[in-house]
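Working notes, structure below.
Here, each number is a calculation from the coordinates, and none is a lab measurement. These numbers come from a predicted model, not from an experiment. Glycine gets a Cβ as well: all are built from the backbone with ideal geometry, and neighbour counts include every protein chain shown.
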Amino acid sequence: MVDYVIQSVRSEPYPTDRLIMRSLGRFVPLWVTPNQITWLRFLGIPGMTYLFMDGSYAFGLVVFLVLAFSDALDGAVARTRKQITPWGIMYDPVADKLLIGSAVAILATNRLGLALAFTVIGLEVVTILGGLYFKFFKKMLMPANLWGKSKMCLQVLAITLLLLDALYPGQGFSVMAFWVFMVASGCAFVSLFYHGA
């Protein structure tokens with residue numbers, strides 16, 4: 001078995017972790033691990049994608065927000081219960097990128113154009129490739145940093161705005177989504193080069 005150097009993992013809970021655990025996290029049984037929550041996100045992505053392709057945007061919005069929240073939940077559970085694992089460090093971000101990439105491929109392409117969709121998805125692919133490079137060639141696991149977490153939150157907001165635009169056209173949600181995606185892309189670009197906590 002290969003031993004990996006894990007770069008700057010924050011093992012202490014964030015204030016938001018405590019808030020999540022005091023509210024919804026307390027309903028997560030002790031036998032449920034963060035990695036199982038991540039697996040649920042992987043398994044939920046095809047269903048969410050089908051809903052978007054089918055035009056079931058209202059139900060799709062609910063499913064998307066539950067899957068996006070599972071990202072915050074698995075991190076909160078991992079840090080508060082001291083269950084951080086190399087598998088989680090590696091594959092939790094992959095689940096996030098598949099979630100965001102699937103939504104962007106369907107929603108942003110139709111509502112904001114191919115150029116923006118390619119930019120967002122391209123940055124996600126570069127991030128995955130960078131993680132694989134560090135894992136297989138440097139034997140290092142690079143957990144998400146503050147810039148990457150900010151990018152994820154902004155992308156969730158932008159996709160939510162696109163879904164609102166699909167449900168309530170002509171209200172300016174797509175314009176807001178475009179600018180939120182721009183800021184998120186800036187955070188993504190910085191996260192590629194910043195490896196702090």
request  = Obtain the nm distance between the two label points defined at Phe69 and Val125 by a simple spin-label model: each point lies 7 Å from its Cα along the Cα-to-C-beta direction.
outcome  = 3.3 nm
task = Could you calculate the FRET efficiency of Gln36 with Asn110 from 1/(1 + (r/R0)^6), where r is the beta carbon distance between them and R0 is 41 Å, rounded to 0.05?
result = 0.75
query = So if we plug the beta-carbon distance of Arg18 and Phe189 into 1/(1 + (r/R0)^6) with R0 = 30 Å, what FRET efficiency do we get, rounded to 0.05?
reply = 0.45
remark   = Along segment 175-181, Karplus-curve 3J(HN,Hα) (6.51, -1.76, 1.60; θ = phi - 60°) to the nearest Hz, with x for Gly and Pro, reads 5, 4, 4, 4, 5, 5, 4
message = If I model a spin label as a point 7 Å beyond the Cα along the Cα-Cβ vector, how far apart are those points for Val62 and Leu146 in nm?
response = 3.7 nm
request  = For Met53 and Thr85, calculate 0.36 nm times their separation in residues minus their Cα-Cα distance, and state this gained length in nm to one decimal.
outcome  = 8.1 nm
task = With a/c under 1.5 counting as rounded, go ahead and sort segment 8-110 into rounded, prolate or oblate using the C-alpha gyration tensor (a ≥ b ≥ c being the square roots of the eigenvalues; past the cut-off, prolate if a/b is larger than b/c, else oblate).
result = prolate
note = Karplus ³J(HN,Hα) for segment 86-103 (6.51 cos²θ - 1.76 cosθ + 1.60, θ = phi - 60°; Hz, whole; x = Gly/Pro) runs x, 4, x, 4, 7, 9, 4, x, 5, 4, 4, 5, 5, 4, 5, x, 5, 5
